[in-house]
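Inspection log for the structure reproduced underneath, given as structure tokens.
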Amino acid sequence: MSILIKLSTTLRDMVPGYEPETGLSVSLKDGESSITAGELASRIGIPLEEIKIVMINSRQSELASVVADGDRVAYFPAVGGG
Amino acid sequence: MFRFLRVNMATKSCVFEDIPEEYAGLGGRALTSTIVAREVNPICTPLGPHNKLVFAPGLLGATNSPNSNRISVGCKSPLTEGIKESNSGGQPGGHLAKLGILAIIVEDMATEGEWWQLEISKDSAKLVPSTVAGLNNFDAVAKLVEQYGKDCSYVTIGRAGEFKLTAASIAFTDRELRPQRHAGRGGVGAVMGSKGLKAIIINPEGGKNHPLVDEEGFKAASKRFAKALTSHPITGKGLAEYGTAVLVNILHEAGGLPTRNFTCGQFEHHEAVSGERMNKLTKERGGEGAVAHGCMSGCIIRCSGIFPDEKGKFKSKWPEYETLWCFGPHSNIDDLDLICTFDHMCDDIGVDTIDVGVAVGVAMAGGGIPLGDGKAVMEAMKGISEGTPLGRIIGCGTATTGRVFGVRRVPCVKGQSLPAYDPRAVKGVGVTYATTPMGADHTAGYAVTANILSCGGKVDPLKKDGQIELSRNLQIATASVDSVGLCLFTAFAILDIPDALAAIVDMLNAKFGWKLTGDDVVTLGQRILSTEIDFNRRAGITEAADHLPDFFTDEPVAPHNTTFDFTPEELQTTFNWIKK
Ligand code: SF4
């Protein structure tokens, strides 16, 4: 099992080799049972201040929210349109 | 210096008149809606002689405020049969304001089959036989530019407007004289067509910025407003880099991207039609393409990039998110180039991309166009300009198309199609769709901000809590912003940076010598909505019309499997200041 990470706009440039179609799969470390969305972002090299919106399994979440194995996590900077 | 221009299409009289007392201090939407409410009989036939078409720049038009040159278009809508305010960028708003023309009121009708164009300059206005009848917007403007020159701005209708199709738009030229900014919604182009008015030519020569009661005060406030816009990540950078198309991926992720006529909230090929991809292709192809392009003078947000084809030639403006969505996921199409072609065709023929794009997906649901068949859509789109039966049907928009093809799911409120947010997964905007006097319209109260974008607070998009209040406050604020002449996208900064609203109020006070406070802005917004709702009531549109089609309350939508579960009684508390 692993966690699927999806990134948007400028956040993509912060993770070398990021593939928009497939996203990024990250496995928890041995012995690690959970991680927060914020810790996960730091682990892949995204500064937390760049993140405005976090969704875990398509639900609005926080950086402090807990991510479990098999989850899908999406990070967005401040974006808007209309 | 300030006046109205009243144009009678039957007698051809064009008269500058003093501004009546009761309209003093109004601009933009406040002015168009008030004029329509006072002067148009609410039960008139929208495409008949008793309807009027009103154009008005906003209160901060022709000033150095950033993003304040929008234009408001008002009339009774042939699509919703209620009051309509449709708002556009482009150059004409600023030009009219500079000439001191605070409103153009077009009345009555020319003899059927006659086409006229209105020439406006500093001290004169006259109707002359049109030299561009029968042409679509791009050819019409090219010819008008040959005739009147590059310094004028142009307002035109395409063939859809000439055919009086109920999704016809009115085009306004941008800074490069491209007729690709539109008052899109509600069939305002059909009203212009019904009057026999093909084009308006505005020569700004001799026009000037409006006098300011307190010049220094204005300058300081305008600087503060500009600072708020440039320092906010959305208005300062995001919109310029990715356009509104940035929303494709985020709405997909949130499960609110309506797919295949609102049967699912996610589209498997979202990445192919995303803002990220549009940005990348625009940069790779280069040529005439452009990232960060403003549609009117004074815009510092610059959301309207230019999309190049494979050879780097101009293909279209960057389609808005709504356009990408309705010709894309909603119609099961994932070809970005093709969608850009459709966007350009809408601009050229002169139709609302939303009502026509949604009609395309609805025709697919009813078997009128094969699902996802881009070629068939192309033929149908050409048919709008040619006047084929299918072209006329989709050119009349979603409600007509749904009826013709016997479709169960017709996503409309008050005859106007829903934009690109599933109301079951973004409930706040669902409240706006159901209740705004305009018919389904996201811009009327853009609750996507707090529901999805964490802008102006956070409200859980799947829950009912707080949504009515959110929609109410946004509808009020939007009515005010539309009256000031500001592009609605300034709202992202206004919602998050308290000084932005204070700066707007200070600019108004410095321009007019008023003593407004933030509360007065709220009162203005409420007053506009009350006026519009009152018009609708007199037109026979009651509170009973404030609901969504029942498939939204019947059918849960994946991935969240939620329904739109507000009762009519709950929705009717939205405008809680209006006495029943
Ligand atoms: S932000 Fe976009 S829509 Fe608004 S005025 Fe600028 S270019 Fe036009």
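The values are calculated or read from the model by the stated rules, or taken from the named source; none is laboratory data. In this text the structure is predicted, and so the values were computed from the model without any measurement. Using ideal geometry, Cβ is built from the backbone for each residue, glycine included, and neighbour counts are taken over all protein chains shown.
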TODO: Within the stretch B:390-397, identify whether any single residue is away from chain A (no Cβ under 12 Å), within 23 Å of B:ARG527 (Cβ to Cβ) and surrounded by 21 or more Cβ atoms within 10 Å (Cβ to Cβ), and answer yes or no.
DONE: no
TODO: Among the residues of the stretch B:489-498, write down those that are within 15 Å of the ligand (Cβ to nearest atom) and of a type outside the set (A, V, I, L, M, F, W, C).
DONE: B:THR490
Open item on the list: Can you go through B:GLU284, B:GLU320 and tell me which one is farther than 25 Å from B:GLU386 by Cα and more than 16 Å from the ligand (Cβ to nearest atom)?
Closed with: B:GLU284
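Are any residues in the stretch B:462-485 in contact with a Gly (Cβ under 7 Å, 6 or more places away or on another chain) and outside any helix (DSSP H, G or I), and if so, which ones? Reasoning before the result, please.
Taking the stretch B:462-485 as the starting set, the residues that turn out to be in contact with a Gly (Cβ under 7 Å, 6 or more places away or on another chain) are B:467, B:470-471, B:474-480, B:482-485.
If the condition is that a residue be in contact with a Gly (Cβ under 7 Å, 6 or more places away or on another chain) and outside any helix (DSSP H, G or I), then B:GLY485 is the only one that fits.
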- [ ] Determine which member of the set B:ASP441, B:ASP534 is acidic (Asp, Glu) and away from the ligand (no atom under 16 Å from the Cβ).
- [x] B:ASP534
- [ ] Identify all residues within the stretch B:307-317 that are of a type in the set (D, E, K, R) and more than 13 Å from the ligand (Cβ to nearest atom); write none if there are none.
- [x] B:ASP309, B:GLU310, B:LYS311, B:LYS313, B:LYS315
Task: Out of B:ASP534, B:ASP499, sole residue that is under 22 Å from the mean Cα position of the chain (by Cα) and surrounded by fewer than 18 Cβ atoms within 10 Å (Cβ to Cβ) - done: B:ASP534
TODO: Identify, by number, the condition in (1) under 22 Å from B:ASP352 (Cβ atoms); (2) of a type outside the set (Asp, Glu); (3) within 14 Å of another protein chain (Cβ to nearest Cβ) that B:ALA450 doesn't meet.
DONE: (1)
- [ ] Would you check if there is a residue in the stretch B:343-358 being within 14 Å of another protein chain (Cβ to nearest Cβ), surrounded by fewer than 24 Cβ atoms within 10 Å (Cβ to Cβ) and away from the ligand (no atom under 16 Å from the Cβ)?
- [x] no
Task: Entirely in the stretch A:39-82, the strands (runs of 3 or more DSSP E) that have 3 or more residues that are within 9 Å of the chain's Cα centre (by Cα) and within 14 Å of chain B (Cβ to nearest Cβ) - done: A:53-56, A:72-76
Task: Options B:SER297, B:SER304: the member that is within 16 Å of the ligand (Cβ to nearest atom), at pLDDT 95 or above and within 14 Å of chain A (Cβ to nearest Cβ) - done: B:SER304
- [ ] Any chance you could count how many residues in the stretch A:7-29 are assigned to a strand (DSSP E or B) and at the interface with chain B (Cβ under 10 Å from one of its Cβ atoms)?
- [x] 1
- [ ] Give me the pairs, please: first residue somewhere in the stretch B:290-303 and under 16 Å from B:PRO179 (Cα atoms), second residue anywhere and near the ligand (Cβ under 6 Å from one of its atoms) and not hydroxyl-bearing (Ser, Thr, Tyr), beta-carbon distance under 6 Å, and either six or more positions apart or on two chains.
- [x] B:HIS293/B:ARG302; B:GLY294/B:ARG302; B:CYS295/B:GLY89; B:MET296/B:GLY89
Task: the stretch B:549-580: number of residues that are of a type in the set (S, T, N, Q), surrounded by fewer than 19 Cβ atoms within 10 Å (Cβ to Cβ) and in contact with a Pro (Cβ under 9 Å, 6 or more places away or on another chain) - done: 1
Open item on the list: Which residue is nearest to the ligand (Cβ to nearest atom), if the candidates are limited to the stretch B:471-488 and must be under 24 Å from B:GLY256 (Cα atoms) and surrounded by 24 or more Cβ atoms within 10 Å (Cβ to Cβ)?
Closed with: B:THR478
- [ ] Of the numbered conditions (1) under 25 Å from B:ALA24 (Cβ atoms); (2) within 16 Å of the ligand (Cβ to nearest atom), B:ASP506 fails exactly one; give the number of that condition.
- [x] (2)
- [ ] Evaluate the stretch B:62-81: report whether one residue or more is within 30 Å of B:ASP214 (Cβ to Cβ), away from every other protein chain (no Cβ under 14 Å) and away from the ligand (no atom under 16 Å from the Cβ).
- [x] no
Task: Options B:GLU17, B:GLU39: the member that is closer than 24 Å to B:GLN526 by Cα and charged (D, E, K, R) - done: B:GLU39
Task: Residue list for the stretch B:471-490, filter: within 14 Å of chain A (Cβ to nearest Cβ) and among the aliphatic types (A, V, I, L, M) - done: B:LEU474, B:ALA477, B:VAL481, B:LEU486, B:LEU488
TODO: Kindly list the number of the only condition in (1) of a type outside the set (A, V, I, L, M, F, W, C); (2) more than 16 Å from the ligand (Cβ to nearest atom); (3) within 30 Å of B:GLY236 (Cβ to Cβ) that fails for B:GLY58.
DONE: (2)
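Quick grid of which residues meet (1) within 14 Å of another protein chain (Cβ to nearest Cβ); (2) touching a Phe, Trp or Tyr at 6+ places or on another chain (Cβ under 8 Å); (3) within 28 Å of B:GLU22 (Cβ to Cβ):
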position: B:PRO498; (1), (2), (3): no, no, no
position: B:LYS511; (1), (2), (3): no, yes, yes
position: B:ILE528; (1), (2), (3): no, no, yes
position: B:ALA544; (1), (2), (3): no, no, no
position: B:THR562; (1), (2), (3): yes, no, no
position: B:GLU569; (1), (2), (3): no, no, no
position: B:THR573; (1), (2), (3): no, no, no
TODO: Keeping to the stretch B:407-433, report how many residues are more than 14 Å from chain A (Cβ to nearest Cβ), within 18 Å of B:THR531 (Cα to Cα) and not in a loop (DSSP other than H, G, I, E, B).
DONE: 0
Task: Members of the stretch B:298-337 that are of a type in the set (A, V, I, L, M) and surrounded by 23 or more Cβ atoms within 10 Å (Cβ to Cβ) - done: B:ILE301, B:LEU324, B:ILE333
Open item on the list: Looking at the stretch B:228-281 only, could you name the residues that are on the phi > 0 side of the Ramachandran plot and at the interface with chain A (Cβ under 9 Å from one of its Cβ atoms)?
Closed with: B:GLY243, B:GLY255
